[in-house]
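Asker: Starting off with a structure, shown below.
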Amino acid sequence: MLSVAQVEARYGAIVALRDVSLTVEEGELVALVGSNGAGKSTTLAVVAGLHRPTGGTVNFEGTSLVGRAPEDVARLGISLVPENRGIFPTLTVAENLRLGAYLRRDGAAAVRQDLDGLFERFPVLGQRRDQQAGTLSGGEQQQLAIARALVGKPRLLMLDEPSLGLAPTLVDRVFELVGELHRSGVTILLVEQNVRRTLEVADRAYLLRTGRMEASGRPSDLRALVDIESVYLGGGPTTSTADAGPG
Amino acid sequence: MGSLLTGVAILIRGHRQLLILIVPIAIFAVVTQLVGGTLLGRIAIAFFINLMVVLSLQIFTGNSGLLSFAHVGFMGIGAYVSAVLTMTPEAKAFAIPDLYPALVPVTLPFIPAVLIGGLVAAVVAAVVTFPIMRLREAASVISTFALLVIIQVILAHWHELTNGPRSLFGLQPYTDLPTAALWGVIFIVVAWVFRHSSIGLRLRASQDSEPAALTIGVNVVRLRWIAFIVSAFIAGFAGGLWAHFVTTFSPRAFYLIETFVAVTMLIVGGPRTVSGAVIGTVIVTAAFQGLRTIENQINLERLLPFQVVGVTEILLAVVLIVVLTVRPGGLIEEREIFSGPGGPLGPDADSAAKAPP
């Protein structure tokens, strides 16, 4: 479905990605893990059309994505939930969700039905539908960001650090949700620093380190490697902000 | 089409707030028309024309988040185009001796001429603004300012259309209070529908976060361009009404002071909301007229040993600075007036919790 091959990306003189390749098949939950600054967010930005690679190819169902504007990539059915959640704080919850649906062409009735379904899945969003999204708590905002992506019925959902900055119980909730979405058939590319939890839900995983693909395979294959990694990285979620990625 | 329907649907649901904006203004217009004198009548007409200019600014600035200094220039385009279209051949022979011969015999009725003035402004905007819609923040503001300068210079030197820098005179005073008030109200509704339409919503989203808007498929540049064209039409239309209100004007009328007043009205009221645009226009008009009256009285009664000049403008500038410092979002910040509670503690709580943009 998605195939990224030998991608190189730079920020000025700094090479953020070199020779990065990965694939995502329909219905899969693929994880991209690695520490801060490994290039995870950059990889998603390249796919989403937010950052133009200096080399390599990106194909989605046979269509090349390189050089496409982000709005065109979105139109192909690729939805990115960015690291900072990317909600629209001054708009209401309902308006945020309406924006997620506006690319759909299957009619207002279908959208409304899906919205009702989402309000069931995220009751807090239903209660706060007329509230400005910026007044929601971090966990609620994350739910809104995911819900907004889902209203658009994406063919591929890309989540960038959905658990970042959330309280532990909310982190559990986010991973539960990602698992639920996966089981309901949504194709997901998940970027996370919370490696342990991510490997529990993923079908396959890639490990990025300083812009290179270090390893890939089944979560069980990667786990041993990651354990060694986390030893010399200090383990756990780091607080460093040295990420070379955008935002 | 879909955006239009959504807009109308929202309008019907949100019509109570819209009525709160329109009814007092309509009552003011009716009362002034029935019992007000000439002076109040003229203030009221000027108010409604300013309101249209501020609403046109709101449609672009309020939704896209980009401030424009160019709109008064588009007002000027509408003023000159409509003037050339309504004036009689005799009046044109006097007032614009160099006018293109083909345009001399053309005499259109008032409103069609004003509409064409708006359309010409919109077409000019469509052609010249596309390249600058990619810009952000300071670059964007400065480029609209450059546009204002360009329009000003062209108006002042296109002798075959504007009579150059000299005054254009001989227009018929077609713009009466009912006309100005009716169109003022119409454009309140237009701005309201635009804000709540799919285009308005997507633009406001891009204002909150441009990258996020792009990743959900919003073509930000194109939508800004559409908003600019719509707003240039309204500015041009307002210019046509204004031309047939003052009946004598020169290109200087569409320059810095007018831009300053319109921008002040919008910023004081709150650029992000239609209510803000309306309330800002009301407050600044009232303040302007009040201060002018006081200034004139001081000079007339010789209360001070010297003549007071320009205090009104200075005080307005101070008010603008104070608003930007204390309440940068304007009086009505992010949600339309009487929108109900915006957060767990009501609308004040959520605006207080917001970092300034």
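The values are calculated or read from the model by the stated rules, or taken from the named source; none is laboratory data. If you're wondering where the values come from, they're calculated on a predicted model, not measured in any experiment. Here Cβ is always computed from backbone atoms with ideal geometry, including for glycine, and neighbour counts include all displayed protein chains.
Asker: Quick one: which residue in A:65, A:76, A:80 is modelled with pLDDT of 90 or more and closer than 14 Å to residue A:191 by Cβ?
Answerer: A:80
Asker: How many residues does region B:207-221 hold that are touching a residue at least 12 places away in the same chain (Cβ under 8 Å) and facing another protein chain (nearest Cβ under 7 Å)?
Answerer: Count: 1.
Asker: Can you pull out every residue in region A:5-54 that is assigned to a loop (DSSP other than H, G, I, E, B) and over 17 Å from residue A:67 (Cα atoms)?
Answerer: Answer for region A:5-54, where residues must be assigned to a loop (DSSP other than H, G, I, E, B) and over 17 Å from residue A:67 (Cα atoms): A:12, A:13, A:25, A:26, A:27, A:28, A:34, A:35, A:36, A:37, A:38, A:39.
Here's the yes/no breakdown for (1) farther than 24 Å from residue B:206 by Cβ; (2) out of contact with any helix residue (DSSP H, G or I) (no Cβ under 7 Å at 6 or more places or on another chain); (3) more than 10 Å from chain B (Cβ to nearest Cβ):
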position	(1), (2), (3)
A:90	no, no, no
A:94	no, yes, yes
A:97	no, no, yes
A:101	no, no, no
A:113	yes, yes, yes
A:121	yes, yes, yes
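Asker: Something else now. Of all residues being at negative phi and part of a loop (DSSP other than H, G, I, E, B) in region B:42-71, which is surrounded by the most Cβ atoms within 10 Å (Cβ to Cβ)? Just the residue, please.
Answerer: B:68
Asker: Still on this structure, please answer the following. Here are some conditions: (1) farther than 24 Å from residue B:332 by Cβ; (2) surrounded by fewer than 24 Cβ atoms within 10 Å (Cβ to Cβ). Residue B:239 meets all but one. Which one does it not meet?
Answerer: Residue B:239 satisfies all of (1) farther than 24 Å from residue B:332 by Cβ; (2) surrounded by fewer than 24 Cβ atoms within 10 Å (Cβ to Cβ) except (2).
Asker: For region B:104-127, what are the residues that are surrounded by fewer than 16 Cβ atoms within 10 Å (Cβ to Cβ) and either at pLDDT below 95 or farther than 27 Å from residue B:70 by Cα (or both)?
Answerer: The answer is B:105, B:106, B:107, B:108, B:109.
Asker: Of the numbered conditions (1) touching a Gly at 6+ places or on another chain (Cβ under 7 Å); (2) surrounded by fewer than 21 Cβ atoms within 10 Å (Cβ to Cβ), residue B:155 satisfies every one except a single condition; which is it?
Answerer: Exception for residue B:155: condition (2).
Asker: Now for a different question. Out of all the residues in region B:128-148, which are surrounded by 15 or more Cβ atoms within 10 Å (Cβ to Cβ) and among the aliphatic types (A, V, I, L, M)?
Answerer: Selection gives B:128, B:132, B:133, B:135, B:141, B:147, B:148.
Asker: Look at region A:53-86 and say how many of its residues are surrounded by fewer than 20 Cβ atoms within 10 Å (Cβ to Cβ) and away from chain B (no Cβ under 13 Å).
Answerer: So the answer is 11.
Asker: Same structure again: Could you check how many residues of region A:75-89 are within 21 Å of residue A:25 (Cβ to Cβ) and not in a loop (DSSP other than H, G, I, E, B)?
Answerer: Number satisfying all stated conditions: 4.
Asker: Which residue out of B:197, B:231 is surrounded by 19 or more Cβ atoms within 10 Å (Cβ to Cβ), within 14 Å of chain A (Cβ to nearest Cβ) and small (Gly, Ala, Ser)?
Answerer: B:197
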